[in-house]
Amino acid sequence: MEKQQRERSVDAASLAAIELAKSGGMETAWDRHEQQSPRCGFGEQGLCCKVCDMGPCRIGPAGKGKQRGICGANADTIAARQLIRQVAAGAAAHSDHGHDIAKALLHTAEGKTEGYSIKSPEKLYSIAREWGIPTDKKTINEIAVAVARAALDQFSQQEGELKFMAGRPPKATIDNWHKHDLMTRGVEHEIVETLHRTHEGVDADYKNLILFGCKTALGDGWGGAMIATELGDALFGMPEPVRSKVNLGVLKEDEVNIEVHGHEPTLSEMVVFASRDKELLALAHSKGAKGIMVGGICCTAIEILMRQGAPVVGNFLNQELAMATGAVDVMLVDVQCIMPALADHKTRFHTKLITTSKKARIEGAEHIQFDETKALTIAKEIVKRAIENFPNRRTVNIPPQTTELVAGFTVENTFHHLGGTFRSSFRPLNDAIIAGRIRGVAAVIGCNTVKKTQDQSHLAMVKELLRNDVLVVMTGCAATACAKAGLLLPEAAKIFAGGGLQEICETVGIPPVLHLGSCVDNSRILNALCEMNKEGGLGSSLADLPVAAAAPEAMCEKAIAIAFYAVASGCFVNYAPAMRVLGAPTLTKFLTEGIEEYVGGKFCFEEDPIEAAHRMIDHIDKKRAALKLRPLMYAQPYCTDATAVAAKAVKVGEEVLA
Ligand code: MSK
């Protein structure tokens with residue numbers, strides 16, 4: 001394989017599929033990325049403004065060329081406006097998803113849907129109690145209607161504060177948000193105001209723009225995304241730790257393969273259910289298939305992994321590669337992260353690409369409109385189409401690699417696992433941090449991007465954090481990357497974790513990397529931080545905690561919104577490739593330094609994943625020092641004995657991956 005091809009991924013299955021694609025003349029995102037090179041330097045640096053029709057205006061790098069656009073906006077204003085427009089788009093995507101989950105809960109409680117029922121009444125009761133919704137003498141459906149309506153109001157609310165935001169974080173964090181006018185009024189209100197502020201001739205103060213971006217993003221993390229997770233858990237059931245498999249090898253040569261892709265659990269849950277239908281299984285057998293496999297790509301896959309243990313085919317950059325195997329009978333897509341290029345491959349493969357959302361249609365794809373009132377009927381129809389397409393397969397070539405993983409962690413069950421059966425609390429985690437067994441906690445999240453070798457930065461960063469006794473929590477495609485490499489198995493602690501973290505993982509029986517779910521489930525991480533704070537001993541605000549976060553292969557506006565709400569909640573966040581601000585030095589300095597004074601968190605744009613892990617560790621150590629915690633039991637600053645760890649990993653890794 002050519003060097004250029006080899007550098008596209010560190011995942012052997014992906015490389016094999018890239019080779020397959022190339023030999024079949026199939027163009028992938030990597031090829032299109034090369035065709036787009038060189039990219040526009042003004043755009044990359046955030047120095048191109050298209051807000052009004054007098055431009056586009058392009059600003060020269062600091063001190064060179066034109067320093068202002070036609071209206072007089074400078075580099076900082078232009079880059080800040082664009083950045084918070086991206087925050088608004090990301091927040092809108094998560095929030096619209098949350099809105100749809102709230103509607104699905106409402107319609108289920110009203111008896112208007114087909115196939116759904118409220119799977120976790122306990123979760124529903126706990127949200128109702130938290131929001132002050134009466135539960136006495138009410139049926140479960142009456143409570144669900146009240147909760148769903150209250151959740152829907154969170155989106156359109158014009159005054160006041162979001163319920164989760166005002167109720168869950170520590171007082172010191174909320175006080176600071178009040179002080180800087182960062183309490184989100186309503187999810188949609190802030191998104192609308194962001195678009196207004198960034199219209200031509202409105203807000204031209206980069207600090208004011210960025211702080212408002214924080215307010216908008218907080219409405220995502222503590223609003224739209226948190227509603228998606230919490231109400232999703234109530235409707236579809238609380239995840240529990242579950243073993244499953246990941247990578248292209250989960251596709252079956254002798255079974256019907258249905259690949260779900262996108263983000264929403266509503267249809268995919270039903271498709272999993274329908275795939276177990278006796279009549280459909282009999283139909284599959286009659287067509288020569290031994291069964292029906294439902295797996296997926298991106299976060300829809302993670303939703304059914306978390307609750308149903310369904311296998312994961314791959315992460316974002318695997319979507320075209322899965323098609324290249326020739327084994328996907330239906331690629332079923334809903335919203336977000338779906339490449340329109342999938343439709344271009346339909347002449348090459350037998351795969352049926354089916355869109356299901358009126359918000360996300362693709363020219364050239366078949367469209368079956370999803371409708372909750374006929375969810376099971378529609379799911380069965382889709383499964384039937386996949387079965388009927390099975391005999392149309394041409395050449396099938398599935399890379400054999402699969403790895404086992406454990407997923408399904410939540411704030412609620414992690415309590416249980418960290419505390420054991422009789423003592424369910426975050427106390428053991430806090431004690432381990434206070435005693436210096438665990439250094440701190442890092443959240444590593446986000447996507448894949450063709451600008452970086454697929455999965456490489458995730459793996460390098462996470463391994464570096466683990467060997468330095470940092471417990472890692474993950475979501476989304478980042479978690480899938482690490483799952484493919486065996487890091488989401490309890491056995492991985494022995495191979496990759498430092499002494500203290502290894503002790504804790506072995507005692508409790510958890511992997512050193514905890515999979516908390518899909519992109520919207522980053523809200524679980526916010527809740528975990530609140531629990532750590534509540535448990536005591538780690539400061540008074542979220543910003544005091546010895547934690548850090550990163551998105552090392554970030555790609556989309558949702559990732560920017562997540563990074564913003566994490567920073568605005570007091571976290572240190574390394575984001576790479578860097579946001580498009582580097583051509584605006586004053587703005588960049590504010591994002592990486594000055595903003596900390598306002599929100600307690602800040603950004604870092606370190607590209608190298610090991611260096612970035614060190615910046616995260618530095619931040620954790622700074623917080624440990626401020627809290628006057630004991631010295632670490634095992635790890636020294638940057639335990640980078642990579643050679644020893646790598647040697648061990650190859651040996652034991654083979655056993656793990658076998
Ligand atoms: S799917 S947003 S590529 S994590 Fe949530 Fe993956 Fe990023 Fe899409």
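The values are calculated or read from the model by the stated rules, or taken from the named source; none is laboratory data. These numbers come from a predicted model, not from an experiment. No Cβ is skipped: glycine too gets one built from the backbone with ideal geometry, and neighbour counts run over all protein chains shown. The area values use the complete protein model at the heavy-atom level, side chains included, leaving out ligands, DNA and RNA. Shrake-Rupley method; radii C 1.70, N 1.55, O 1.52, S 1.80 Å.
Select, from G69, G24, the only residue that is at pLDDT below 95 and either open to solvent by less than 70 Å² (accessible area, probe 1.4 Å) or more than 26 Å from the chain's Cα centre (by Cα) (or both). Steps first, please.
Values: G69 fails: at pLDDT below 95.
Only one candidate passes the filter, namely G24.
Scanning for something open to solvent by less than 10 Å² (accessible area, probe 1.4 Å), among the aliphatic types (A, V, I, L, M) and not assigned by TED's automatic domain parsing to the domain that holds V313, does the range 278-287 turn up at least one residue? No.
Residues in the range 75-83: is at least one of a type in the set (D, E, K, R), closer than 30 Å to K207 by Cβ and touching a residue at least 60 places away in the same chain (Cβ under 8 Å)? Give the steps one after another, and end with the answer.
Within the range 75-83, the first condition is being of a type in the set (D, E, K, R), and the residues that meet it are 76, 81.
So of that shortlist, the ones also closer than 30 Å to K207 by Cβ come out as 76, 81.
Applying the additional criterion that residues be touching a residue at least 60 places away in the same chain (Cβ under 8 Å) yields 76, 81.
Yes: the range 75-83 contains one or more residues that are of a type in the set (D, E, K, R), closer than 30 Å to K207 by Cβ and touching a residue at least 60 places away in the same chain (Cβ under 8 Å).
When you go through L459, L471, L489 one by one, which is the residue that is buried (at least 24 other Cβ atoms within 10 Å of the Cβ) and either assigned to a helix (DSSP H, G or I) or away from the ligand (no atom under 16 Å from the Cβ) (or both)? Walk me through it before giving the result.
On the way: L459 fails: buried (at least 24 other Cβ atoms within 10 Å of the Cβ); L489 fails: buried (at least 24 other Cβ atoms within 10 Å of the Cβ).
None of the others qualify; the one that does is L471.
Limited to the range 540-559, what total is found for residues that are within 16 Å of the ligand (Cβ to nearest atom) and either open to solvent by 10 Å² or more (accessible area, probe 1.4 Å) or more than 27 Å from P490 (Cβ to Cβ) (or both)?
Step one: list which residues in the range 540-559 are within 16 Å of the ligand (Cβ to nearest atom), which gives 549-559.
If we keep only those that are either open to solvent by 10 Å² or more (accessible area, probe 1.4 Å) or more than 27 Å from P490 (Cβ to Cβ) (or both) too, we end up with 549, 554-559.
Qualifying residue count for the region: 7.
Within the range 125-137, the set of residues being out of contact with any helix residue (DSSP H, G or I) (no Cβ under 8 Å at 6 or more places or on another chain) and more than 21 Å from M165 (Cα to Cα) comprises D136, K137. Filtered by the rule that a residue be assigned to a loop (DSSP other than H, G, I, E, B) and crowded, with 19+ Cβ neighbours inside 10 Å, the range 95-114 gives a lone residue, T113. Any chance the range 242-259 includes a residue that's within 16 Å of the ligand (Cβ to nearest atom), over 19 Å from A12 (Cβ atoms) and either crowded, with 24+ Cβ neighbours inside 10 Å or hydroxyl-bearing (S, T, Y) (or both)? Yes, the range 242-259 contains at least one residue that is within 16 Å of the ligand (Cβ to nearest atom), over 19 Å from A12 (Cβ atoms) and either crowded, with 24+ Cβ neighbours inside 10 Å or hydroxyl-bearing (S, T, Y) (or both).
How many of the residues making up the range 194-226 are open to solvent by 40 Å² or more (accessible area, probe 1.4 Å) and not basic (K, R)?
Of all residues in the range 194-226, those open to solvent by 40 Å² or more (accessible area, probe 1.4 Å) come to 195-197, 199-202, 204-208.
Those left that are additionally not basic (K, R): 195-196, 199-202, 204-206, 208.
Qualifying residue count, the range 194-226: 10.
Residue pairs whose Cβ atoms lie under 6 Å apart, sitting 6 or more positions apart in sequence or on different chains, and linking a residue in the range 308-324 that is outside the structural domain of G296 (by TED's automatic domain parsing) and more than 13 Å from the ligand (Cβ to nearest atom) to a partner that is in a helix (DSSP H, G or I) and among the charged types (D, E, K, R), do not occur here.
Of the residues G509, G537, only one is modelled with pLDDT of 95 or more and open to solvent by 20 Å² or more (accessible area, probe 1.4 Å); which? Lay out the reasoning, then the answer.
Numbers: G509 fails: modelled with pLDDT of 95 or more.
On inspection, the qualifying residue turns out to be G537.
Between I297, I302, I354, which is within 15 Å of the ligand (Cβ to nearest atom), of a type outside the set (F, W, Y) and within 22 Å of F390 (Cα to Cα)? Reasoning before the result, please.
On the way: I302 fails: within 22 Å of F390 (Cα to Cα); I354 fails: within 15 Å of the ligand (Cβ to nearest atom).
None of the others qualify; the one that does is I297.
Listed by position, the strands (runs of 3 or more DSSP E) contained in the range 241-300 that have at least 1 residues being closer than 25 Å to T356 by Cα and among the small types (G, A, S) are 256-262, 292-297. Could you go through the range 431-453 and let me know if any residue there is buried (at least 24 other Cβ atoms within 10 Å of the Cβ) and either without any contact (Cβ under 8 Å) to a residue 40 or more places away in the chain or in a helix (DSSP H, G or I) (or both). The answer is yes; a qualifying residue exists. Which of the residues spanning the range 356-415 are more than 30 Å from L15 (Cα to Cα), among the hydroxyl-bearing types (S, T, Y) and out of contact with any Asp or Glu (no Cβ under 7 Å at 6 or more places or on another chain)? Scanning the range 356-415 gives T410, T414. Candidates are the residues of the range 346-371 that are at pLDDT below 95 and not in a loop (DSSP other than H, G, I, E, B); the one that is surrounded by the fewest Cβ atoms within 10 Å (Cβ to Cβ) is T347.
Conditions (1) out of contact with any Cys (no Cβ under 6 Å at 6 or more places or on another chain); (2) without any contact (Cβ under 8 Å) to a residue 40 or more places away in the chain; (3) of a type in the set (A, V, I, L, M); (4) within 16 Å of the ligand (Cβ to nearest atom), marked per residue:
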residue	(1), (2), (3), (4)
S569	yes, no, no, no
F572	yes, no, no, no
P577	yes, no, no, yes
K589	yes, yes, no, no
F603	yes, no, no, no
A612	yes, no, yes, no
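In the set (1) open to solvent by 10 Å² or more (accessible area, probe 1.4 Å); (2) more than 16 Å from the ligand (Cβ to nearest atom), I338 fails one condition alone, (2).
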